Amino acid sequence: MAGALFLVTLVAGVFAQGFVSERLVVAGDAARTAANIRAHLSLFRLGFAVYMIEMACQITMTVLFYSLLKPVSKTGSLIAAVIGLVGCTVKIVSRIFFFSPALVLGGAPYLSIFDAPQLQALAYLFLRFNYHAETMAMVFLGLYGIVKGYLVYRSTFLPRALGVLSAAGGLGWLTYLYEPLASRLLLVIFAVGFLGAAALIGWLLAFGVDERRWKDMADESATR
């Protein structure tokens, strides 16, 4: 289940970001961005819906990983889950700003006091808010990846290499502490993050965990 939800989270995020947001939002051009959203409003709304599906899957996946990794360290698994859920919360809030341009550009009568350039600028500003709130979320999700990677590395029921890849991906997301640096390293960050995610998804779906070792560790944890 964790692997399947991780896969849906990854695919949904790539679709909403790569095939909706990147297609409609023109960097630095509020007028063209507004025109694109108006011309493809159904696609824009679909992107928002897919973002919500992504976050529902990610929240559930985070809880499942908490349960899966709790035998390694109850405290560590709880810390990872809390950090991950905070990141999810921030990311959900960012999607309010993502959807706001659909309201601003919707032609409602109460918006008639604004002229077209003002509405375009306001819509683009909301999209910038969405982006920067999303970068804040990535910092928390990066920390989550590091702690989760450490727990996977310490576990005996998953390969240590998966923990190393998860931690490496988390370190990459931490570059969003300084967004200009993250922008310069974007391709590297995404490549490392995607490799770690794909490896973990593939292993969970193909092999799962070593159930005997997981039960042994759970029994040991219960007696501590």
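Take the Cα radius of gyration of segment 1-85 and divide it by 2.2 N^0.38 Å, with N its residue count; two decimals is plenty.
Values: Rg = 17.1 Å, N = 85, 2.2 N^0.38 = 11.9 Å.
It is 1.44.
Tell me the Kirkwood radius of segment 104-194: reciprocal of the mean inverse pair distance over distinct alpha-carbon atoms, in Å. Show your work: numbers first, answer last.
Details: mean 1/r = 0.0648 Å⁻¹.
Its Kirkwood hydrodynamic radius stands at 15.4 Å.
So with the 1.4 Å probe, I'd like the accessible area per residue for segment 1-68, rounded to whole Å².
On the way: 3310 Å² over 68 residues.
Ligands and nucleic acids excluded, the result is 49 Å² per residue.
Please give every one of the aspartates and glutamates within straight-line cross-link reach of Lys70, meaning a C-alpha to C-alpha distance under 18 Å, and leave out same-chain neighbours fewer than 8 residues apart.
Partners found: Asp210, Glu211, Asp216, Asp219, Glu220.
How big is the dipole moment of segment 1-86 about its Cα centre under a simple scheme where the beta carbon of each Lys and Arg is +1, that of each Asp and Glu is -1, and everything else is neutral? Debye, nearest 20, please. Spell out each step's value before the answer.
Values: 6 positive and 3 negative charges, 21 e Å.
Computed charge dipole of segment 1-86: roughly 100 debye.
With charges set only on the Cβ (+1 for Lys and Arg, -1 for Asp and Glu), what does the dipole of segment 52-146 come to about its Cα centre, in debye to the nearest 20?
On the way: 5 positive and 3 negative charges, 71 e Å.
For this selection, approximately 340 debye.
Leaving ligands and nucleic acids out of the surface, order Tyr131, Tyr144, Tyr110, Tyr153 by accessible area at 1.4 Å, largest first. All intermediate terms of the calculation are to be shown ahead of the outcome.
Details: Tyr131 60, Tyr144 20, Tyr110 160, Tyr153 95 Å².
From most exposed to least exposed: Tyr110, Tyr153, Tyr131, Tyr144.
For the ranges 206-215, 74-83, what's the packing order if you count other beta-carbon atoms within 10 Å of each residue, average per peptide, and put the highest first?
74-83, 206-215
Based on Cα positions only, what radius of gyration and what Dmax would you give for the chain, in angstroms?
19.9, 68
Magnitude of the Cβ-charge dipole of the chain, K/R +1 and D/E -1, about the Cα centre, nearest 20 debye?
On the way: 17 positive and 11 negative charges, 44 e Å.
Dipole about the Cα centre, nearest 20: 200 debye.
Could you put Asp29, Asp115 in order of accessible surface area, largest first, with the 1.4 Å probe and the full protein assembly present? Please list the in-between numbers first.
On the way: Asp29 45, Asp115 75 Å².
Most to least solvent-accessible, the answer reads Asp115, Asp29.
With the full set of protein chains in place, find how many percent of the accessible area of the chain is carbon and sulfur; take the probe as 1.4 Å. All intermediate terms of the calculation are to be shown ahead of the outcome.
Numbers: 8150 of 11570 Å².
Solvent-exposed carbon and sulfur of the chain make up 70 percent of the total.
Can you list which of the DSSP-assigned H helices in the chain have a Cα extent of 27 Å or more along the long axis and an average Kyte-Doolittle score of at least 1.6?
Details: long enough: 41-69 (42 Å, 1.48); 74-104 (46 Å, 1.54); 116-154 (57 Å, 0.64); 186-206 (29 Å, 2.51).
Helix filter hits for the chain: 186-206.
The values are calculated or read from the model by the stated rules, or taken from the named source; none is laboratory data. Predicted model, so just to flag it, every value in this text is computed and none were measured. With ideal geometry, Cβ positions are generated from the backbone for all residues, glycine too; neighbour counts draw on all protein chains shown. Side chains are part of the model used for accessible areas, which takes the heavy atoms of the whole protein and leaves out ligands, DNA and RNA. Shrake-Rupley method; radii C 1.70, N 1.55, O 1.52, S 1.80 Å.
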